[in-house]
Structure formats: structure tokens, C-alpha cells
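The next block holds one structure in the form of C-alpha cells; read it before the comments.
Bear in mind that the values in this text are calculations on the coordinates, not laboratory data. Everything numeric here is computed off the predicted structure, so don't read it as measured data. Here the Cβ is made from the backbone with ideal geometry for all residues, glycine too, and neighbour counts use every protein chain on show.
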Amino acid sequence: MEQIRTYILSVIAVCMLSVVCLHLAKLPRIKAVLRFVTGLLVLLVAASALLDLDEKRFGQIADALEIPLQLDQADLEQDVQSKLASHVVDTAEAYIERYASEHGATIQAKVSITQEQYPVPYSVTLIGIVTPEQKAELSQYLYHSLNIPYERQVWK
Amino acid sequence: MRKLLIIILVLLLLCCKVSASDEELPTEDLTEGLSDSAIELLPDPTVDSPSFWDDMKEVIQNSLKGSFGSVREGLRLCGILLCIMTLCSVIHLTDLQNKESILNVVGALGICTAITGTLQSMISLSTGLLEEMSTYGSVLLPALSSVVAMSGGISSAGALYAGTVIFSQILLQLITKLLIPLVYIYLTMATAEAALGNEMLSELREFVGWLITKSLRLMLYLFLAFTTITGVIGSTADAAAVKATKAAVSGMIPVVGSILSDASDTLLSGAALMKNSVGVFGMLAVMAICLLPIMKVGVQYLLLKITTAVGGTVGLPAHVKLLKEFSKAMGFLLAMCASAALLLLLGIICLMRVT
């Protein structure tokens, strides 16, 4: 941007200089000579920047336009994935606790999930006092409905 | 006329109500990048606002109260300018030798001196506005993009966020490093033209004016094209992602699928409500940042236009033309501020409209 500004400034400065010189000159012959000289000068200044242009300069201009972003696609996807995982954990724990309360048991469930694209319950820690029948029923529910095998069900 | 149509279109797109939400609006984070003056103009941040129009009306009313001082200053400036022009035209009626060239130079310099202070303060105001919008954009856009991504628009959110940031940064650099210096050059040439009394610089001056207006228009058109194309491509990608999720869920054990489906729905619905709230608050904040400075510049522009029209009846043609160029320069400043504000607002609206 600075280079474009410098270029435009230099062209305009030369044009203004030529206007001032022409205004100060009174004789027609001097005016004609001045007009020719200042015209050449303007042409030289205008063309000089164009002669410097090459592929490298365009590359530099393109590089200068690179603007750092605070977020990118990967950050957004990770953010969504972590929020979804958190909701899956909350929902799974709510399902398990509701099932247990429907069958007369009061427990607290802590679920851990897989780290795949669609996180699903992987293991569960159950804290509470339950009868053996309630434990067996809940274990079967966890195995058949939530696909958590018996070895990944921890009772405390 | 075109600008008015664009503004009306933007306002029509803003026809949405703020809905109630169980989640708290992160107002502390969203007011981080705002100056004290902008925070004063904002209504109280609540999730249960009556409507967007009521909030916007409050912002406009607060801004109007704040812009009264600039009307007084503008009127004082117009009085001074009319006095200079009247004085010059009265002297023109006398029999002084070389009065044309002397009056051209003296009048041009007098008008230039009178306006310079106001112009300088308007330029500082515009530059400050642009920097404040850039700072606030860096706070609002990541927050809004995250919420939009969680509401189901991952691809669109990423692309729109990147595009809005890049275009607004390029526009900021363009305005501060190129266009504002060009405004100074434009005015210098207009003053030289009026003082020297010839038209030799008029083509160059008009080119500079053309460059300023077309640069701003090009940036806005490019941004509109980008958001339109991104909207189409992004929504297609997001719809495909939703279908893939549904297919994956339907292939799971029913209870596990139900858990995943419930979790997704909770995330999507919560994020959708938050998206509306954050987006509306963001728009109000951008309006609070930009409305007062734009009104101040707009008032100066309008008053200079009126002074040119009134001065045309009493002033010398060269001085009337110079005043016209100064009012055009004020118009350029107004266009720069409005372009930057419009770009950020359009970015926010496009993010909010991602479904």
C-alpha cells in the first residue's frame, strides 16, 4: 500500500510542479518549452515505477496481504467436537441415572466417551448403594442399550 | 440512490426478534473491545430484549443527542465560510488592479484555513472509528463464528469469518494508508486549482476522486460476491455434514443413537439461540461504535453542501467550486466510514443467517 501511495504521490507532485512552472512563465515560447520538458518529466516518473514491476514484486505484494487469523477451520471443528462430547457425556449420565431411579436405585454415573467423530459412551463409573438385583439389571441395560461391556463398568 | 437501497436492504435483513434463552449472554466478553463512549450508547444488555428495533432506536436516539455539538460547530464554520466568500465578492466589485488573481489566492487560502481544523478533526474521528471497529471485530467475530459453528454451520462459519476478517483488514489498510492521504492530495489540488485560477489540475483531481470512490465500491462488491458464493458452497457442505451425522446415528444402537441425537439437538438449539443473541448484540455494538462518528461527519458534509448552495448566490465561481470540492472530500470520509461499518455489519448478518 505504501508503494502505491508513493507512486501516486510522485506523479501528482511532478504534475503540480509543472502546473506551477507553467503558471509562472509568461512568454509563450518559454511556456511551450516548459510544457514539453515537464511533460517528459511526468512521463518519466509515471513509467519508472512500471519498469520496476516483475514477478517478485507481485509476490511480495501478495505476501503482504496475508493476514493472521485468530481462528481457523480446525479450531472451529475442535471446538464443536469438544462441546458435542461434553453434551454426550451429560446426556448419557442423565439416561443412566433416570433408568436407575425408575428401577428404585439412586446412583451417580460418570461416563467417559470415545474420541471419534461421533463420540459414544466407552466406560462408566457408578457411585451409589444398590441391591444385587438392581445392579444386575443396570449392568444388563448398560451392556445391551449403551454397548458398555461388563469389564468397563466400575461400581463404587 | 444506490447507497440508500443497500442500506434499506441491510435493514430489512435485520428483521429478527431476539429470543429468550436459558444461557447467559457473554456481555462482558463482547463489550471488551468497546470504548466507554460506545458502551454508553448501548441499551442494557439483556437476553429478553423487546425487539431489535427498540434497541436500535435507543442507540440512534443516544447518538443523535451526542451529535448536537457538531451541528453547532458546523454552523459556526459555515458562517465563517460565507463571510469569506461574501467579503471576496464585495472586493471583486471594486476597481482594484489584478483583483481576480489576488482574490482567487486570498479567498482560496482563507477557505482552506477555515476548513482545515474541522477536516483534520473529522479525519482523526474516521481513523479512530476504523481502528475501534477493527479491534471490536477481532473480539466479536471469533465468538460469533464459534457459536455459528456449534449451531451446525462449521464450513460456512470458518469461511465467512476468514473472509470478513481479511476484507475488513484490507479495507482498513487501504483507507488509512492510501485513501486518506489521497483525500489530502485531492484538497491540495483543489486549492491550487482555485488559487491559480486554471483548470490544468482538474483531470488529475477528478482521477484521485474517482480512485477513492471506486476503490471503496470495489471492496464492497468483492465482499458481497465472496459472501454470496461462500453462503452457497458452505451451506451445501454443512447440509452434507448433517446428512452424514443422521446416517451415522441411524446405524447405531437405538439408545446410543438417541443419546447422540439428543446431545446434538441440545448443542444445536442452544447454539442457535446464542447465535441470535450474540449477533444482535454485536450489531448493536457496531452501530454504537460507528453511528455517532458517522453522524458527525454526515452533519459536516450536509452543512458544507448547504453552504456551497447558499454561497453560490454570492461567492466567486472559483471559491464556490473550491467549497464544492471540500464538501466532496467530506463525502469521501463519510463513504469510508460507512463502507467499513457496512462491511462488518454484512459479515455479522451473513454469519447469523447460516442455518
Please give the helix B:317-352 orientation as an angle from the longest Cα principal axis of chain B, in degrees from 0 to 90, rounded to the nearest 10.
0
Given charges at Cβ of Lys, Arg, Asp, Glu: the protein assembly as shown dipole, positive-most of B:LEU343, B:GLY79, A:ILE127
B:GLY79
If you fit an axis through the alpha-carbon atoms of helix A:73-102 and take the longest principal axis of the Cα set of chain A, what angle between them do you get, 0 to 90°, nearest 10?
20
Net lengthening on full extension, B:GLU203/B:ALA225 (0.36 nm per residue, minus Cα-Cα):
4.8 nm
With angles folded into 0 to 90 degrees, how steeply does helix B:2-13 sit against the dominant principal axis of chain B? Use alpha carbons for both and round to 10.
30
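Tell me the mean residue ellipticity at 222 nm calculated for the protein assembly as shown from its helices only (DSSP H runs of n ≥ 4, each -39500 (n - 2.57), averaged over every residue, nearest 500). Walk me through the numbers on the way to the answer.
Values: 16 runs with 397 residues, N = 511.
My calculation for the protein assembly as shown gives -27500 deg cm²/dmol from helical runs alone.
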5 angstrom amide H check on A:TRP155, placed H, neighbours 5+ away
A:LEU126
Under Karplus coefficients 6.51, -1.76 and 1.60, residue-wise ³J(HN,Hα) of region B:79-91 in Hz, glycine/proline x
x, 4, 5, 5, 4, 4, 5, 5, 4, 5, 6, 5, 5
Counting sequence-distant residues (5 or more places) and residues on other chains, those with an amide H built under 5 Å from that of A:VAL120 are A:THR114
Counting Lys and Arg as +1 and Asp and Glu as -1, what is the net charge of the other residues whose Cβ lies under 15 Å from the Cβ of B:LYS65?
+1
Does anything in region B:180-217 have its amide N under 17 Å from the 7 Å Cα→Cβ label point of B:LYS305, and if so which residues?
B:213
How large, in Å, is the protein assembly as shown by the Kirkwood hydrodynamic radius built from its alpha-carbon pairs?
27.5
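Based on Cβ point charges of +1 for Lys and Arg and -1 for Asp and Glu, what charge dipole magnitude is obtained for region A:73-155 about its Cα centre, in debye rounded to the nearest 20?
Working: 5 positive and 11 negative charges, 46 e Å.
Dipole magnitude for region A:73-155 comes out near 220 debye.
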Given labels modelled 7 Å from the Cα in the Cβ direction, how far is it in nm from A:LEU9 to A:TYR122?
6.1
For B:SER269 paired with B:GLN97, estimate the spin-label separation in nm (one decimal), with each label point 7 Å from Cα along the Cα-to-Cβ line.
9.3
What order do you get for B:MET295, B:MET352 when you list them from fewest to most C-beta neighbours inside 10 Å?
B:MET295, B:MET352
For chain A, report the convex hull volume of the alpha-carbon atoms normalised per residue, in Å³, without decimals.
177
Once phi for every residue in region B:214-221 is put through the Karplus expression 6.51 cos²θ - 1.76 cosθ + 1.60 (θ = phi - 60°), the whole-Hz ³J(HN,Hα) values, with Gly and Pro written as x, are 5, 4, 5, 4, 4, 4, 5, 5
Note: A:ASN147 to A:GLN108 extended length (0.36 nm per residue) minus current alpha-carbon separation gives 12.2 nm
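Hey, with R₀ at 22 Å, roughly what FRET efficiency would B:SER121 and B:LEU75 work out to, going by the Cβ-Cβ distance, to 0.05?
Details: r = 15 Å, r/R0 = 0.70.
The computed FRET efficiency comes out at 0.90.
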Plugging the Cβ-Cβ distance of A:GLN115 and B:THR355 into 1/(1 + (r/R0)^6) at R0 = 22 Å yields, to the nearest 0.05, a FRET efficiency of 0.20
Can you work out ³J(HN,Hα) from phi for every residue in region A:14-22, in order, using Karplus 6.51 cos²θ - 1.76 cosθ + 1.60 and θ = phi - 60°, giving whole Hz and x for Gly and Pro?
5, 4, 5, 4, 5, 5, 5, 4, 5
Reachable lysines from A:LYS83, criterion Cα separation under 27 angstrom, eight or more residues apart if same chain:
A:LYS110, B:LYS17, B:LYS243, B:LYS246, B:LYS275
Amide hydrogen neighbours beyond the local backbone of A:ILE148, cut-off 5 Å, H modeled
A:TYR143
